[in-house]
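The values are calculated or read from the model by the stated rules, or taken from the named source; none is laboratory data. This structure is a prediction, so every number in the text was calculated from the model and none was measured. Ideal geometry is used to build each Cβ from the backbone, glycine not excepted, and the neighbour counts take in all protein chains shown.
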Amino acid sequence: MASLFFILTLVWTLGPQRFNFYIIIQLVLAIPMLFISSLAYAKVSYREKHHVFDRFAWITTTLGNNFVLNVAGLMAATFSKSIAIIYFSTSFILITVYYAINIYDGLDTAREELIKLIFILIIMILGGIVPLVTLF
C-alpha cells in the first residue's frame, strides 16, 4: 500500500491531467481495497466463522491487485502501446496458467478456481484491455 501512496503522490506531482481517468481511478481504488483486505484477512486468523471474511478479503485483494496491474499496463501504454499489449498478454497468459494449474492440482475446488479466474480476467479486460484499445 505504501508504494501506491508513492505512485499516487508522483501522479499528483507530475499532474493528474497527464494520466487518463482509468489510471487515476484504479490507482485510487486500489488503496482502500488493499487496506480492507488486510483487515479482513486478520479476522480470518481468529474468528471461528471466518468464511465470509475470507471471501471478502479475497475479493478486495483481487480487485486491489488487479487495479495495480491494470495501472502498470496503462501507464506503459502512455510510452508504447506495443509494450502495453505485451504486458497485458503476458499477464493474461500467466494468470490463466496459474489457475489452470490450481484446477488441475485440486479438482475438488475446480469450480471455485474457474470462477476466480473468470473474475480476475474480467477485471483485467474491463480495467486494462478495454481502456488500452479505446484510449491509446
- prompt: Out of the residues in the stretch 109-119 that are hydrophobic (A, V, I, L, M, F, W, C) and in contact with a Ser or Thr (Cβ under 9 Å, 6 or more places away or on another chain), which is surrounded by the fewest Cβ atoms within 10 Å (Cβ to Cβ)?
  reply: 119
field: Residue in the stretch 38-58 that is surrounded by the fewest Cβ atoms within 10 Å (Cβ to Cβ), counting only those that are among the hydroxyl-bearing types (Ser, Thr, Tyr) and under 23 Å from the mean Cα position of the chain (by Cα)
entry: 38
Residue check, residue 42 among the small types (Gly, Ala, Ser), in a helix (DSSP H, G or I) and either closer than 22 Å to residue 125 by Cα or modelled with pLDDT of 95 or more (or both): no
Which listed residue is exposed (fewer than 14 other Cβ atoms within 10 Å of the Cβ) and touching a residue at least 12 places away in the same chain (Cβ under 8 Å), from 90, 96, 78: 96
query: Would the stretch 21-30 turn up any residue that is touching a residue at least 60 places away in the same chain (Cβ under 8 Å) and under 27 Å from residue 6 (Cβ atoms)?
result: yes
field: Qualifying positions in the stretch 11-32 - over 24 Å from residue 58 (Cβ atoms), within 20 Å of the chain's Cα centre (by Cα) and assigned to a helix (DSSP H, G or I)
entry: 11, 21, 23, 24
message: If a residue must be under 30 Å from residue 11 (Cα atoms) and among the basic types (Lys, Arg), how many such residues does the stretch 27-57 contain?
response: 0
task: Give the residues of the stretch 68-111 that are hydrophobic (A, V, I, L, M, F, W, C) and touching an Asp or Glu at 6+ places or on another chain (Cβ under 7 Å), sorted by residue number.
output: 103
field: Sole exception among (1) under 30 Å from residue 18 (Cβ atoms); (2) surrounded by fewer than 14 Cβ atoms within 10 Å (Cβ to Cβ); (3) among the aliphatic types (A, V, I, L, M); (4) more than 12 Å from the chain's Cα centre (by Cα) for residue 122, by number
entry: (4)
